[in-house]
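Down below is the structure, laid out as structure tokens.
The values are calculated or read from the model by the stated rules, or taken from the named source; none is laboratory data. Quick caveat: nothing in here was measured; it's all calculated off a predicted structure. All Cβ positions, even for glycine, are placed from backbone atoms using ideal geometry, and neighbour counts span all protein chains on display.
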Amino acid sequence: MQLETMYQEIILDHYRNPHNKGLRDPYNAESHHINPTCGDEVTLRVTLAPEGDALDGSATVKDVSYDSLGCSISQASASVLTDLLIGKSVDEGMRVLDEFTALMQSKGHGEPDEDVLEDAVAFAGVSKYPARIKCALLAWMAWKDATAKSLATEKEGAS
Amino acid sequence: MIRSELGLLDVDAIRADFPILDRTVRDGRPLVYLDSGATSQKPRQVLDAEREFYERHNAAVHRGAHQLAEEATDGYETARATIAAFIGAGADEVVFTKNTTEAVNLVAYAMSNAATAGEELSRFRLGPGDEVVVTEMEHHANLVPWQELCRRTGATLRWFGVTDEGRLDLSGIDDLVNERTKLVALAHQSNVLGTVNPVREVAERAHRVGALVLVDAAQSVPHLPVDVAGLGVDFLVFSGHKMLGPNGIGVLWGRRELLAAMPPFITGGSMIGVVHMDHSTWADPPQRFEAGVPMAPQAVGLAAACDYLSAIGMAEVAAHEHALTEYALKHVAALDGVRVIGPAEAEDRGATVSFTVEGIHPHDVGQVLDDRGVAVRVGHHCAWPLHRRFGIVATTRASFYVYNSFADIDALVEGIQAAQRFFGVAPAR
């Protein structure tokens, strides 16, 4: 049985009892991502709190809220994302994203940094199944997109 | 379990021809291949035919003054005749394409090219006020090219709905298919529902109003006896790889007089009559639609696949799959929490069973099945609007062929139950 290597208990827990699910106001930007191969989708909102006067990488991720439709991997991944990123700065969040993306592309040979990834290390087994990597990354790509939009909107507003 | 052996093929003997079915997957599990609707496996006879072409006769066909070119051309054209006979057609009515998708696009782009041509191509011309009719159960391959054709020409796309039972809703046919209709495009057999559509009835209505009819037979030619004359349509398209044949070859069959009048889609070498610096004329069909060096080894392989299926007998293939479908509908649909999307009865229904499992996403069902060696497809199966029609995002699909047995369906049923246990949604008995 290889199933348990993919469906770690942490993943199943997040799937059954997702954290921070549901869309909330106010928010800086929203992003809607679809996995065209299976039709799964996520709508994700990012709320940022500026550190100084301007909204930049030093801003704090104040809230991430989402609504999603999809498999256990994509659902659990969105839930873990909110746990990891809320309270971090945007720059720190991007580092977590990079680490998580690298883990997903590791084909099962990654050595995840548990200090950075926390519960997300449970997704290491998913990286052995190429068809499921997109599921795990769906919410993360939406977060990246919504965050970029938040910062861009700020820039437009300032100029 | 009571098993009817009526109509069943000698699956053990057939499986012996398919080397891949002997392998194991995922830590030594025997492979249970239930994804023939996506692509079929290939028997040795097909692989041998393709290999022999390369080892003995390989040359660019319809070119060259040497013996190999002669043999290759002969192999290619003999293959065309075999494949044409398989669907009751004349060899000059069979055009080779890359696959079903390209065959649909060939007709769509020919019509698109005709839209800017003169009166001589009026049969294929369409513009604002004209209509193209499809169905809600189409594979994207028989939907998107028509959306695009309508977008380019200003014509209107309309469609037949699908009933809750998964049948084509023909109640509005007289309104839907009318004097404005230029073309009706529909699947012979749905790649999700398994539904076999009443093509003849739709074609009769279409022809009464002067519309052309194209049938997507990608899921029917591999599984049912198909006779183009009997269907009464104008174009019929299918792929080699879903019928035991090689990848990279598909077929457009078109009525002789239509192909003769139709402008080309892809232009270039071998499809020409005479070429000048500023203009060219076209070859007769089928060469007009086969620009470039064609896929002769694949044509030879597909002909071997037709021979293989003919030796079994397409009526026997259909009877075998009918028995499998009845068995699957009975045992899969009987599981608590399982909803089959498509007709509940096996009549006018092919060997494709799509379903949802309450509380488990199809990706997760597929993963558990895969862990047990059972290969199925999950997702929307390139029929997104159809899934939306049923209020779902995705399904798990099992599709059967000549090499499948009742035991394979038992493995599917056990796998679904294992998924229900694994995800803690096993129904209380």
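Find the helices (runs of 4 or more DSSP H) located wholly in the stretch B:353-429 whose residues include 1 or more that are assigned by the TED database to the domain that holds B:G337 and more than 26 Å from A:E4 (Cα to Cα), and list them. I'd like the intermediate steps shown before the answer.
Details: elements: B:362-371, B:384-389, B:406-422.
Per the criteria, B:384-389, B:406-422.
Residues that are in contact with a Lys or Arg (Cβ under 9 Å, 6 or more places away or on another chain) and within 14 Å of chain B (Cβ to nearest Cβ): find the helices (runs of 4 or more DSSP H) completely inside the stretch A:61-130 holding 2 or more of those. Break it down into steps so the answer makes sense when it comes.
Values: elements: A:72-85, A:90-104, A:114-117.
It comes to A:72-85.
If you check B:G268 against the conditions, is it part of a loop (DSSP other than H, G, I, E, B) and in contact with a strand residue (DSSP E or B) (Cβ under 9 Å, 6 or more places away or on another chain)? Write out each step before concluding.
On the way: part of a loop (DSSP other than H, G, I, E, B): yes; in contact with a strand residue (DSSP E or B) (Cβ under 9 Å, 6 or more places away or on another chain): no.
Here the answer is no, as B:G268 does not meet what is asked.
Pick from B:Q45, B:Q41: which is outside any strand (DSSP E or B) and closer than 23 Å to B:T396 by Cα? I'd like the intermediate steps shown before the answer.
On the way: B:Q45 fails: closer than 23 Å to B:T396 by Cα.
Testing whether each residue is outside any strand (DSSP E or B) and closer than 23 Å to B:T396 by Cα leaves just B:Q41.
Which one of these is more than 23 Å from the chain's Cα centre (by Cα) and surrounded by fewer than 20 Cβ atoms within 10 Å (Cβ to Cβ): B:E131, B:E119?
Numbers: B:E131 fails: surrounded by fewer than 20 Cβ atoms within 10 Å (Cβ to Cβ).
Only one candidate passes the filter, namely B:E119.
What number of residues in the stretch B:147-168 are under 25 Å from B:G350 (Cα atoms) and buried (at least 16 other Cβ atoms within 10 Å of the Cβ)? Steps first, answer last, please.
Taking the stretch B:147-168 first, the residues under 25 Å from B:G350 (Cα atoms) are B:159-168.
From the residues that got through so far, the ones that are buried (at least 16 other Cβ atoms within 10 Å of the Cβ) too are B:159-160, B:162, B:166-168.
Residues meeting the conditions: 6.
Suppose the filter is within 14 Å of the chain's Cα centre (by Cα), touching a residue at least 24 places away in the same chain (Cβ under 8 Å) and either part of a helix (DSSP H, G or I) or loosely packed, with under 15 Cβ neighbours inside 10 Å (or both); does A:T147 pass it?
Working: within 14 Å of the chain's Cα centre (by Cα): yes; touching a residue at least 24 places away in the same chain (Cβ under 8 Å): yes; either part of a helix (DSSP H, G or I) or loosely packed, with under 15 Cβ neighbours inside 10 Å (or both): yes.
Here the answer is yes, as A:T147 does meet what is asked.
For B:G373, work out the one condition from (1) buried (at least 22 other Cβ atoms within 10 Å of the Cβ); (2) in contact with a Leu (Cβ under 6 Å, 6 or more places away or on another chain) it doesn't fulfil.
Answer for B:G373: the failing condition is (1).
Let me spell it out: the conditions are (1) without any contact (Cβ under 8 Å) to a residue 40 or more places away in the chain; (2) buried (at least 16 other Cβ atoms within 10 Å of the Cβ); (3) small (G, A, S), and B:A299 meets all of them except one. Which number is the exception?
So the condition that B:A299 fails would be (1).
Any idea how many residues of the stretch B:53-101 are charged (D, E, K, R) and either modelled with pLDDT under 95 or surrounded by 21 or more Cβ atoms within 10 Å (Cβ to Cβ) (or both)? Before the answer, list the steps.
Step one: filter the stretch B:53-101 for residues charged (D, E, K, R), giving B:55-56, B:63, B:70-71, B:74, B:77, B:80, B:92-93, B:98.
Right, trim to either modelled with pLDDT under 95 or surrounded by 21 or more Cβ atoms within 10 Å (Cβ to Cβ) (or both) and you get B:63, B:80, B:93.
Adding up the residues that qualify gives 3.
If the requirement is being within 14 Å of chain B (Cβ to nearest Cβ) and within 15 Å of the chain's Cα centre (by Cα), which of these qualifies: A:N17, A:N35?
Details: A:N17 fails: within 15 Å of the chain's Cα centre (by Cα).
Answer to the selection: A:N35.
B:E179: farther than 30 Å from B:V340 by Cα, more than 25 Å from the chain's Cα centre (by Cα) and of a type outside the set (S, T, Y), yes or no? It would help to see each step written out before you state the result.
Numbers: farther than 30 Å from B:V340 by Cα: yes; more than 25 Å from the chain's Cα centre (by Cα): yes; of a type outside the set (S, T, Y): yes.
Spelling it out, B:E179 is indeed farther than 30 Å from B:V340 by Cα, more than 25 Å from the chain's Cα centre (by Cα) and of a type outside the set (S, T, Y).
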